[in-house]
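Trainee: Mind looking over this structure? Questions follow.
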Amino acid sequence: MLSVIIPAMNEERTIAAVVREATRICRDAEVLVIVNGSTDGTASEAERAGARVLHYTEALGHDAGRRVGAASARGQILLFTDADILIPAEHLAPFVQAVLNGVDVALNNYNGPVTRSPVHPVVEAKHMLNSLLSRSDLGGASMTAIPHALSRQALEIIGISSLEIPPLAHAKAIFGGLRVQAVHHVPVGKWNAVRSTKRGGADLLSQVVLNDHLEAIRWMTDTRGPRGGYPDLQRVRSLAQ
């Protein structure tokens, strides 16, 4: 019934505990760990904990790792989480239960630190995309954040390749008429401490995520016209030419 997909790169310290929590959700859960670019014992630790390991010598990145895992998954429900943050099974199970109850895309009800000044551009982008999709009720909930879960039907409509660009997959899910809901709050920002190697210098990851949102907006305008399906109201642009 359930496949849990976990990309991992040099996470030998946490991966076994993450796998064990995944197996607690459902007795027969398939746990897939996509070990990519690792130079430590992540793969062996994951296998000892009971995961099926897909091993790549190259670093794929989390999103490509999720695509690879989804392509190999056999479950009717796909749950995505990360190897570097230990989320108890009690906080993973609600996403699975939501899909069992008819939700196609079950999102983390996590809005990001919206009270900070200034608000981080990635947080703004998530809220903005949901507004453009006429789903401002989702706030900052996004397929960029873990954990989230998909039904098999959602995966087929979104397309496996779209998982490499989470905001694009998010947009396709909503445009495709899927039932998308923020179902449970997991404070991943608080639980996932910033690593010292990520501090200082250019924030390259944020640039990647922002570009992913631009990809989603481009797809929307390609699909529904230059205004993304929104009307131009009383404007008569030809008179200004």
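Trainee: Within the group Arg52, Arg24, Arg20, which residue is in contact with a helix residue (DSSP H, G or I) (Cβ under 7 Å, 6 or more places away or on another chain) and among the basic types (Lys, Arg)?
Mentor: Arg24
Trainee: Also: Where the second residue is at pLDDT 95 or above and assigned to a loop (DSSP other than H, G, I, E, B) and the first is under 16 Å from Arg52 (Cβ atoms) and hydroxyl-bearing (Ser, Thr, Tyr) and lies in the stretch 65-92, which pairs have Cβ atoms under 8 Å and are six or more apart or on separate chains?
Mentor: If the second residue must be at pLDDT 95 or above and assigned to a loop (DSSP other than H, G, I, E, B), the pairs left are Thr81/Ile87; Thr81/Ile146; Thr81/Pro147.
Trainee: Would you tally the residues in the stretch 109-133 being more than 13 Å from Pro167 (Cβ to Cβ) and touching a residue at least 40 places away in the same chain (Cβ under 8 Å)?
Mentor: Matching residues across the stretch 109-133 total 6.
Trainee: Could you tell me whether Ala51 is crowded, with 24+ Cβ neighbours inside 10 Å, farther than 15 Å from Ile160 by Cα, touching a strand residue (DSSP E or B) at 6+ places or on another chain (Cβ under 7 Å) and in contact (Cβ under 8 Å) with a residue 60 or more places away in the chain? Give the derivation first.
Mentor: Values: crowded, with 24+ Cβ neighbours inside 10 Å: yes; farther than 15 Å from Ile160 by Cα: yes; touching a strand residue (DSSP E or B) at 6+ places or on another chain (Cβ under 7 Å): yes; in contact (Cβ under 8 Å) with a residue 60 or more places away in the chain: no.
Judged against the criteria, Ala51 is not a match.
Trainee: Go through the stretch 148-163 and give me each residue that's outside any helix (DSSP H, G or I), crowded, with 24+ Cβ neighbours inside 10 Å and in contact with a helix residue (DSSP H, G or I) (Cβ under 6 Å, 6 or more places away or on another chain).
Mentor: Ala149
Trainee: For Arg20, indicate whether it is farther than 25 Å from Ile165 by Cβ, basic (Lys, Arg) and without any contact (Cβ under 8 Å) to a residue 60 or more places away in the chain.
Mentor: Spelling it out, Arg20 is indeed farther than 25 Å from Ile165 by Cβ, basic (Lys, Arg) and without any contact (Cβ under 8 Å) to a residue 60 or more places away in the chain.
Rundown of residues vs (1) farther than 19 Å from Glu90 by Cα; (2) modelled with pLDDT under 95; (3) of a type in the set (S, T, N, Q); (4) surrounded by fewer than 22 Cβ atoms within 10 Å (Cβ to Cβ), yes/no style:
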site	(1), (2), (3), (4)
Leu2	no, no, no, no
Ile6	no, no, no, no
Thr23	no, no, yes, yes
Asp28	no, yes, no, yes
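Trainee: Among the helices (runs of 4 or more DSSP H) confined wholly to the stretch 18-112, which include 1 or more residues that are under 22 Å from Glu156 (Cα atoms)? Even if it seems obvious, please write down each step before you answer.
Mentor: Numbers: elements: 42-48, 62-72, 89-100.
Here the list reads 62-72, 89-100.
Trainee: Please name all residue pairs, on different chains or six or more residues apart, with Cβ atoms under 8 Å, provided the first residue is in the stretch 210-235 and is surrounded by fewer than 17 Cβ atoms within 10 Å (Cβ to Cβ) and the second residue is small (Gly, Ala, Ser) and modelled with pLDDT of 90 or more.
Mentor: From residues that are surrounded by fewer than 17 Cβ atoms within 10 Å (Cβ to Cβ), the pairs are Leu210/Ala125.
Trainee: Picking from Gly177, Gly228, Gly201, which residue would you name as being small (Gly, Ala, Ser), over 25 Å from Ala22 (Cβ atoms) and modelled with pLDDT of 90 or more? Before you say what the answer is, go through the steps one by one.
Mentor: Values: Gly228 fails: modelled with pLDDT of 90 or more; Gly201 fails: modelled with pLDDT of 90 or more.
After ruling out the rest, the residue left standing is Gly177.
Trainee: From the residues in the stretch 30-43 that are out of contact with any helix residue (DSSP H, G or I) (no Cβ under 6 Å at 6 or more places or on another chain), touching a residue at least 24 places away in the same chain (Cβ under 8 Å) and farther than 27 Å from Leu100 by Cβ, which one is surrounded by the most Cβ atoms within 10 Å (Cβ to Cβ)?
Mentor: Ser38
Trainee: Based on this model, can you work out whether Pro166 counts as modelled with pLDDT of 95 or more, under 22 Å from His62 (Cα atoms), touching a helix residue (DSSP H, G or I) at 6+ places or on another chain (Cβ under 7 Å) and crowded, with 23+ Cβ neighbours inside 10 Å?
Mentor: yes
Trainee: Related question: May I ask you to list the residues in the stretch 217-239 that are in a loop (DSSP other than H, G, I, E, B) and closer than 15 Å to Pro167 by Cβ?
Mentor: The one that is in a loop (DSSP other than H, G, I, E, B) and closer than 15 Å to Pro167 by Cβ: Gly228.
The values are calculated or read from the model by the stated rules, or taken from the named source; none is laboratory data. As the structure is a prediction and not an experimental result, all values here were calculated from the model. Using ideal geometry, Cβ is built from the backbone for each residue, glycine included, and neighbour counts are taken over all protein chains shown.
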